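Asks: Encoded as structure tokens, here's the structure I'll be asking about.
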Amino acid sequence: MSGPGSSNGALRVGVVGVGHLGKHHARLLAAMPDVRLVGVADLVLDRARAATAGTSAEPMTDARVLLDRVDAVSLAVPTIDHLSVARPFLERGIAVLVEKPMASSVAEAEEMLALAATSGAVLAVGHTERFNPAMTAARPLLGTPRFVEIHRMSGFPERSLDIDVIFDVMIHDLDIIQAIDGSEVVGVEAVGVPVLTPKIDICNARIKFASGCTVNITASRISRDKIRKVRFFQPDMYISIDYGAQELEVWRLRHRPGDRPVIEGGPVEVTRDEPLKRELEDFVAAARDRRAPGVSGAEGLRALKLATRVAEAVETGK
């Protein structure tokens, strides 16, 4: 078979971990053109079998079997296992997409980056909201936000929870705001409360950037309503995104010489699509072309560092 950089060979991919999210990785990768899903690994063989049903992929319980068979691998295992599962693939130069948060600690994330740098492996992190069609439509309009208000709230998830709401949910928005405002974070205040688990289930953070932008984020996994919205306020413009509905509104202040300014705008057309599919398509292209992915390991580390600062602010009460 031709290598991943060739034009006539299918990229050989594997998926490790097919629980709540990983099963969708397998579904989408199996359906992509010029991609061959070689195998799916999960500690529960029946889950691996279910994820490979209707495909030629092999179900297995040992991810190491994939090492000699794939060009790229997608990892959706518990956060605590990210480094140990990713390490042998990165050491061999195999492209890796690891779900967010990138690792269970900053030190582990830095080790993953070092492994990828040594072998030349592509390392991507699964911050799916970057690929939300409403966000990608809004990005060209986002110049210098001065205030950002974010609400990301949902009911208690029916899946295992090995991390708190900051690393599980809020980190999506921590990644996005740093992608938009690349200046230094100069202040973090946060409060969080454990409600249904021993870990923080609801958190509010106020983050200040050197640019002058202030971001207020509320993340919850104990809400009765599901809300995934962000509002950007910048000079002469207001931008509102509903991630769940994939809707975008843009309002502008238009100045009129000799007359009062008027507010113009409204809904902007968005072509809806599955964000995870877009993310995986980007990862496949990055692995094939050996280019930087849409969300790199360095960006995943950046988001993890800020999430860690928020968690520390909750602990210290500042």
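Asks: If you place +1 on the Cβ of every Lys and Arg and -1 on the Cβ of every Asp and Glu, how big does the dipole about the Cα centre of the stretch 1-118 come out, in debye to the nearest 20?
Replies: Numbers: 11 positive and 13 negative charges, 73 e Å.
Approximately 360 debye in magnitude.
Asks: Please give the contour-minus-distance gain from Ser84 to Ile227: 0.36 nm per residue of separation, less the Cα-Cα distance, rounded to one decimal in nm.
Replies: Details: separation 143, 0.36 × 143 = 51.48 nm, distance 3.40 nm.
Extra length from Ser84 to Ile227 when fully extended: 48.1 nm.
Asks: Do you know the relative contact order of the stretch 147-262, to the nearest whole percent, from alpha carbon pairs under 8 angstrom that are 6+ apart?
Replies: Values: 226 pairs, mean separation 35.6, N = 116.
This gives 31 percent for the stretch 147-262.
Asks: Between Arg47, Arg152, Arg256, find the one with the highest GNM mean-square fluctuation for the chain; connect C-alpha pairs within less than 10 Å.
Replies: Sorting by GNM fluctuation, first place goes to Arg256.
Asks: Note the per residue figure in Å³ for the convex hull of the C-alpha positions in the stretch 77-131.
Replies: Hull volume normalised by residue count: 71 Å³.
Asks: Right, something else. On full extension of the chain, what length is gained from Leu67 through Val44, given 0.36 nm per residue of separation minus the C-alpha to C-alpha distance?
Replies: Details: separation 23, 0.36 × 23 = 8.28 nm, distance 1.93 nm.
Additional length available on full extension: 6.4 nm.
Asks: What does the net charge come to around Ala298 if you take all other residues with beta carbon closer than 11 Å to its beta carbon, with K and R at +1 and D and E at -1? Kindly include the intermediate steps, with their values, before the conclusion.
Replies: Values: positive: Arg302, Lys305; negative: Glu110, Glu299.
Residues near Ala298 contribute 0 overall.
Asks: For the ranges 49-59, 90-100, 164-174, 130-140, what's the packing order if you count other beta-carbon atoms within 10 Å of each residue, average per peptide, and put the highest first? Present the calculation step by step, with values, prior to reporting the outcome.
Replies: Working: 49-59: 16.5, 90-100: 22.9, 164-174: 25.5, 130-140: 19.0.
Descending mean neighbour count gives 164-174, 90-100, 130-140, 49-59.
Asks: Work out, step by step, the length gained on full extension between Thr316 and Ala210: first 0.36 nm times the residue separation, then minus their alpha carbon distance; give nm to one decimal. Write down the numbers at each step before the final one.
Replies: On the way: separation 106, 0.36 × 106 = 38.16 nm, distance 2.24 nm.
That pair, Thr316 and Ala210, stretches by 35.9 nm at full extension.
Asks: Additional query: Assuming a ≥ b ≥ c are the square roots of the Cα gyration tensor eigenvalues, decide whether the stretch 213-318 counts as rounded (a/c under 1.5), prolate (otherwise, with a/b larger than b/c) or oblate.
Replies: Numbers: a/c = 1.88, a/b = 1.31, b/c = 1.43.
Verdict is oblate for the stretch 213-318.
Asks: Taking the Cα centre of the chain as origin and charging only Cβ (+1 Lys, Arg; -1 Asp, Glu), how large is the dipole, in debye to the nearest 20? Mind showing how you got there, number by number?
Replies: Working: 39 positive and 42 negative charges, 85 e Å.
In debye, rounded to 20, the chain gives about 400.
Asks: Given (i) 49, 45, 35; (ii) 66, 39, 34; (iii) 69, 45, 38 as candidate values of Cα extents along the principal axes in Å, which corresponds to the one derived from the coordinates?
Replies: Matching entry in (i) 49, 45, 35; (ii) 66, 39, 34; (iii) 69, 45, 38: (iii).
Asks: Quick one: of Lys23/Lys199; Lys23/Lys305; Lys208/Lys277; Lys199/Lys226; Lys100/Lys226, which pairs are farther than 23 Å apart, Cα to Cα? Intermediate results must be reported in sequence, preceding the final value.
Replies: On the way: Lys23/Lys199 26 Å; Lys23/Lys305 28 Å; Lys208/Lys277 33 Å; Lys199/Lys226 20 Å; Lys100/Lys226 20 Å.
Going by Cα-Cα distance, Lys23/Lys199; Lys23/Lys305; Lys208/Lys277 fall outside the 23 Å limit.
Asks: Quick check: from the Cα gyration tensor, does the stretch 94-238 come out rounded (a/c under 1.5), prolate or oblate? It would help to have the intermediate numbers written out before the result.
Replies: On the way: a/c = 1.62, a/b = 1.09, b/c = 1.48.
In terms of gyration-tensor shape, oblate.
Asks: Here's a follow-up. Using packing as a proxy for protection, rank 261-272, 190-201 so that the peptide with the highest average count of other Cβ atoms within 10 Å comes first. Each step should come with its number before you reach the end.
Replies: Values: 261-272: 11.2, 190-201: 16.5.
Going by the mean number of other Cβ atoms within 10 Å, highest first, we get 190-201, 261-272.
Bear in mind that the values in this text are calculations on the coordinates, not laboratory data. Since the model is a prediction, treat every value here as computed from it, not as a measurement. Using ideal geometry, Cβ is built from the backbone for each residue, glycine included, and neighbour counts are taken over all protein chains shown.
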